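The structure appears right after this line, and notes come after that.
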C-alpha cells in the first residue's frame, strides 16, 4: 500500500484512471442511493457505489435538525439525502452549472424531498450574513493535473475553487458549525496550511484508497 504522506503521484499514473472515471460518468443512469433513486445525466458526476458521494455519506455523523448547505451539489444526491423529512434538516443545495440545478430539482421532486436549490458560484448567491451549521463541499480532488487534462468534474486547476471555499468558509459557519471536504494530500491543495491561514482547524474523520492509488480523506473543518 502506498504511503500518501511520503509518495506523490504523477499525472501519468492517474491519466488511465481518469479515462475510466470519465467513461462511467458520460452516459445517463438512474442510481439507487440510500432509499432514493437519483437520475444522473451524462456529463454530471454519478453517485456510483465507489464514488465520493458514498464515501462522504458513510462517514458523516448523524446530522439532524440543522441548517445544511450542499455546495457544488451535482445531481443533488448528498443534500437530498439529508433532506429526508425524518432528519428535520433545512437544506439548501447550490451549483454553478444550470444543468445540475435542473437535475437536482427533478431529483428532489422524484424523491419527495423538500429543499431549496439555487444556481450559485460557492456562496455567491447569499447575503453576507447568511450562515449554516453544516456545509458540505464534494470538491474535485485533482488540483495538480496539467492544464487541459482530466475530466472537468474531477479537476480543480491549482486548487482555485478549494482555496476560495476555505477563504469564505469562516464567515459562513455558525459558532459551532462544521464543514466537510474530501481531500487528497497527493494531488490536492495544501488544505491544512490554508485552514490555519483562515483561522480554521481540520481533522480527518475518514480515509479511503482509490483504485488509482490515491488516498482520499474526509476533513471535518471548524472555526478555531
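The values are calculated or read from the model by the stated rules, or taken from the named source; none is laboratory data. The structure presented is a predicted model; accordingly, all values stated were derived computationally and were not measured. Positions of Cβ are backbone-derived with ideal geometry, glycine not excepted, and every protein chain shown enters the neighbour counts.
Can we say residue 63 is over 18 Å from residue 120 (Cα atoms), outside any helix (DSSP H, G or I) and touching a strand residue (DSSP E or B) at 6+ places or on another chain (Cβ under 9 Å)? In short, yes. The set of residues in region 173-207 being under 15 Å from the mean Cα position of the chain (by Cα) and at pLDDT below 90 consists of 184, 188, 189.
Looking only at region 199-221, decide whether some residue is farther than 26 Å from residue 54 by Cβ and touching a residue at least 24 places away in the same chain (Cβ under 8 Å). Within region 199-221, one or more residues are farther than 26 Å from residue 54 by Cβ and touching a residue at least 24 places away in the same chain (Cβ under 8 Å).
For residue 218, state whether it is touching a helix residue (DSSP H, G or I) at 6+ places or on another chain (Cβ under 6 Å) and crowded, with 20+ Cβ neighbours inside 10 Å. In short, yes.
Counting only strands (runs of 3 or more DSSP E) that sit completely within region 67-151, those holding 3 or more residues that are touching a strand residue (DSSP E or B) at 6+ places or on another chain (Cβ under 6 Å) and within 17 Å of residue 179 (Cα to Cα) correspond to 67-71, 90-95, 132-137. In region 147-165 there is at least one residue matching the filter, namely being crowded, with 22+ Cβ neighbours inside 10 Å, closer than 23 Å to residue 77 by Cα and modelled with pLDDT of 95 or more. If I filter region 169-177 for residues that are within 16 Å of residue 55 (Cβ to Cβ), buried (at least 21 other Cβ atoms within 10 Å of the Cβ), in contact with a strand residue (DSSP E or B) (Cβ under 9 Å, 6 or more places away or on another chain) and without any contact (Cβ under 8 Å) to a residue 60 or more places away in the chain, do I get at least one hit? No, every residue in region 169-177 fails to be within 16 Å of residue 55 (Cβ to Cβ), buried (at least 21 other Cβ atoms within 10 Å of the Cβ), in contact with a strand residue (DSSP E or B) (Cβ under 9 Å, 6 or more places away or on another chain) and without any contact (Cβ under 8 Å) to a residue 60 or more places away in the chain.
Condition check ((1) touching a residue at least 12 places away in the same chain (Cβ under 8 Å); (2) under 16 Å from the mean Cα position of the chain (by Cα)) across all residues:
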position	(1), (2)
51	no, yes
68	yes, yes
103	yes, no
160	no, yes
